[in-house]
Amino acid sequence: MPADWPVASEEHALDVGGEWEVDAKSSDTFTPGDKVYWDGTNNYLTVTSSGNTLAGFITEAKASGATRARLLLNGNGI
């Protein structure tokens with residue numbers, strides 16, 4: 001574990017909402033409002049819901065080939 005990782009006995013802030021830029025599956029395309037899912041095996045956003053966890057909603061279009069996407073995190077239990 002890296003030396004700068006949080007220690008369980010320390011107090012830390014955790015973001016559970018807001019807009020973020022995150023790694024995304026390069027072959028997927030996103031349009032604003034699309035639901036996107038976190039692929040924990042490959043560590044990126046995808047439009048594939050099966051086997052993945054809802055991450056949030058896209059806020060800016062992403063073309064095929066792009067590897068990052070902007071999303072509004074699913075902080076409200078949607």
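The values are calculated or read from the model by the stated rules, or taken from the named source; none is laboratory data. Predicted model only: the values in this text are computed from it and were never measured. Backbone-built Cβ (ideal geometry, glycine too); neighbour counts: all protein chains shown. In case anyone asks, the SASA skips ligands and DNA or RNA and just uses the protein heavy atoms, side chains included. Shrake-Rupley method; radii C 1.70, N 1.55, O 1.52, S 1.80 Å.
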**Request:** Determine the gain in length on full extension of the stretch Thr48-Asp23; use 0.36 nm per residue of separation and subtract their C-alpha separation, reporting nm with one decimal.
**Result:** 7.5 nm
**Item:** Rounded percent of accessible protein surface that carbon and sulfur make up, region 39-78, 1.4 Å probe
**Value:** 47 percent
**Prompt:** Non-local amide H neighbours of Gly56 (under 5 Å, H modeled in plane, Pro and chain starts lacking H): which ones?
**Reply:** Val36, Asn74
**Request:** Provide the per-residue ³J(HN,Hα) series for region 31-37, in order, calculated from phi with Karplus coefficients 6.51, -1.76, 1.60 and θ = phi - 60°, each as a whole number of Hz, with x at glycine and proline positions.
**Result:** 10, x, x, 4, 6, 10, 10
**Asked** Which whole-Hz couplings ³J(HN,Hα) result when phi for each residue of region 54-68 is put into the Karplus expression 6.51 cos²θ - 1.76 cosθ + 1.60, θ = phi - 60°, listed in order with x for Gly and Pro?
**Response** 4, 9, x, 10, 5, 10, 9, 4, 10, 8, 4, x, 6, 10, 10
**Message:** How far apart, in nanometres, would the label points at Ala63 and Lys35 be if each is projected 7 angstrom from Cα along the Cα-to-Cβ direction?
**Reply:** 2.8 nm
**Asked** Once amide H atoms are placed 1.01 Å from N in the peptide plane, what residues at a sequence separation of 5 or more from Asp28, or on another chain, have their amide H within under 5 Å of its amide H?
**Response** Gly65
**Residues with amide H under 5 Å from that of Arg68, placed H, sequence gap 5 or more** = Ala24
